[in-house]
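The values are calculated or read from the model by the stated rules, or taken from the named source; none is laboratory data. Bear in mind the structure is a predicted one, so any value in this text is a computation, not a measurement. Quick reminder, even Gly has a Cβ in these numbers, built from the backbone with ideal geometry, and neighbours come from all protein chains shown. Keep in mind that these areas ignore ligands, DNA and RNA; they rest on the heavy atoms of the full protein, side chains included. Shrake-Rupley method; radii C 1.70, N 1.55, O 1.52, S 1.80 Å.
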Amino acid sequence: MAAVQEYDCIVIGAGVQGSFTAHQLAKNNKNTLLLEQFILPHTRGSSHGQTRIIRKAYEQNIYTHMMEECYKLWAQLETDAGVQLYSQQIPYMNLPDGYEALVDLTAGVLYADRAIKAVQEQFQKLGGVIRDKEMVTDIKPGPVVTVSTSACVYRTKSIVITAGPWANKLLTHTGLQLPLQVVKINVCYWKEKVPSLYSLKQGFPCFILTEGEDSNHDIYGLPSNEYPGLVKICYHMGKETDPDQRDKQTDRSDIDILQRFIRRCLPGLVPEPAVVESCMYTLTPDHHFVLDCHPSYSNIVIGAGFSGHGFKFGPVIGKTLCELSLGQVPSYDLSPFRIRRFQAMSKSAL
């Protein structure tokens, strides 16, 4: 075992939220270590894949407000990294009788893998250190936190836990468990019968179907782009899974729902998925994020439970978790994201 190494801050989990948090800490001149249990890049968590939907349209004002700054920060990262991370299209779609649509003209496609790579490179340019293939095996809280991994022992003034589906596994070491549920998502791609019919170049939009005849949850889609001739359409829910045994969960009931939707609404697609990839959501009971300090240790900050809609918020979540780690007043009202809300939920359920 190597000698104990010291950092101002350690971020555990190098997905989108952890990478942006580490970047913000480095921008604040903090000697920062970003730890990841798998070899980077990897497809085991929640941040991989080529595309995500980016949008301002939300029922809750807090998310719309946060997205105002997110667009600016995504644009700044594009400039700093010199790489395109976002495409915006004005959608046009004919809806069946009885359907209504909300059009968000700022919405578009966010290039996920490209974004993760860009922010990690910017973090390293600022002197940040990334150590992948290092699984955290222990966390000892205190005024100075000791973090043990499969390869080393580290000491730090503060840690930020952004471990996605593995959040509760790490929090066990700190005496805390959150009401988080991990589900496996089948990420499906459907072949066009006519090439480019549903392509980004043709202006086919990102869409979210919030109500449907066959589904209890949203169905969302993105134009053919990342895989030529294949359209990404997914069901916004899955079945519970163990993150370490993800591939043993083989439920396909969501694919059956998608097939019925495609036959009815998108006849230009072959109603059998050409590619099925895997992703995981970490859900909170109310599907709002966790952005808070540990109830017992203020120098342990937690970002968790992004519930399948957190990627687009990466720059602002990174900024917010950095502020919490540095003991600063957060830029946003975090009351919807505090851990104490779960206690209120438990009492109301009695």
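Would you mind putting 307-318, 8-19 in packing order, based on average other-beta-carbon counts within 10 Å, highest first?
Ranked from most to least packed, the peptides come out as 8-19, 307-318.
For the chain, find the longest principal axis of its Cα atoms and tell me its angle to the long axis of helix 314-325, 0 to 90°, nearest 10.
Taking the Cα atoms of the chain, the angle to 314-325 is about 20 degrees.
When you count, for each residue, the other Cβ atoms within 10 Å and take the mean per peptide, how do 169-182, 243-256 rank with the highest first?
In decreasing order of mean packing, 169-182, 243-256 become 169-182, 243-256.
Kirkwood hydrodynamic radius for the chain: how many Å is it when counted over pairs of different Cα atoms?
Mean inverse Cα-Cα distance, inverted, gives 21.0 Å.
Pick from ILE233, ILE159, ILE39: which residue has the top mean-square fluctuation in a GNM of the chain where Cα pairs under 10 Å get a spring?
Maximum among the listed residues: ILE39.
On average, how much accessible surface per residue is there in region 1-146, in Å², for a 1.4 Å probe, leaving out ligands, DNA and RNA?
51
Relative to the Cα centre, what is the charge dipole magnitude of the chain, using +1 at the beta carbon of each Lys and Arg, -1 at the beta carbon of each Asp and Glu, and rounding to the nearest 20 debye?
The dipole magnitude comes to about 560 debye.
If r is the Cβ-Cβ distance from VAL4 to LYS133 and R0 is 30 Å, what FRET efficiency results, to the nearest 0.05?
In this case the efficiency is close to 0.95.
Which distance in nm do the two modelled labels at SER296 and ASP214 give, with both placed 7 Å along the Cα-to-Cβ direction?
Here the modelled spin labels are 4.9 nm apart.
List the aspartates and glutamates whose alpha-carbon lies under 13 Å from that of LYS169, not counting same-chain residues fewer than 8 positions away?
ASP138, ASP242, ASP244
Can you find, among TRP166, LEU73, ILE130, the residue sitting farthest towards the positive end of the charge dipole of region 50-175, where Lys and Arg contribute +1 and Asp and Glu -1 at Cβ?
ILE130
For region 139-222, with equal point scatterers placed on the C-alpha atoms only and solvent neglected, what are the log10 I(q)/I(0) values from the Debye formula at q = 0.18 1/Å, to two decimals?
Listed by q, the Debye log ratios stand at -0.88.
First measure r as the distance between the Cβ atoms of GLN50 and GLN88, then evaluate 1/(1 + (r/R0)^6) with R0 = 25 Å and state the FRET efficiency to the nearest 0.05.
For R0 = 25 Å, the calculated efficiency reads 0.90.
Treat every Asp and Glu Cβ in region 197-274 as -1 and every Lys and Arg Cβ as +1, leave all other atoms uncharged, and give the resulting dipole magnitude about the Cα centre to the nearest 20 debye.
380
With angles folded into 0 to 90 degrees, how steeply does helix 253-265 sit against the dominant principal axis of the chain? Use alpha carbons for both and round to 10.
Relative to the chain, helix 253-265 is tipped by roughly 40 degrees.
List the pairs from LYS72/LYS312; LYS133/LYS319; LYS191/LYS248; LYS72/LYS232; LYS117/LYS312 whose alpha-carbon separation is above 18 Å, in the order I gave them.
In this structure, LYS133/LYS319; LYS191/LYS248; LYS72/LYS232 lie more than 18 Å apart at Cα.
Looking at the square roots a ≥ b ≥ c of the eigenvalues of the Cα gyration tensor of region 17-82, which shape do they give, rounded for a/c under 1.5, prolate if a/b is larger than b/c, or oblate?
In terms of gyration-tensor shape, oblate.
Pop out the carbon and sulfur fraction of the accessible area of region 1-90 as a percent, whole number, probe 1.4 Å.
Of all accessible area on region 1-90, carbon and sulfur atoms account for 48 percent.
Sort 68-76, 119-127, 329-337 by packing, meaning the average of other beta carbons within 10 Å per residue, with the highest value first.
Going from most to least packed, we get 119-127, 68-76, 329-337.
Tell me which aspartates and glutamates have Cα within less than 18 Å of LYS30's Cα, excluding those fewer than 8 residues away on the same chain?
GLU6, ASP8, GLU121, GLU323
Could you compute the FRET efficiency for ASP333 and ARG260, with r as their C-beta to C-beta distance and R0 at 25 Å, rounded to 0.05?
0.05
Quick check on the chain: helices-only [θ] at 222 nm, where DSSP H runs of length 4 and up contribute -39,500 (n - 2.57) each and the sum goes over total residues. Nearest 500, please.
Taking each H run of at least 4 residues, the total per residue is -7500 deg cm²/dmol.
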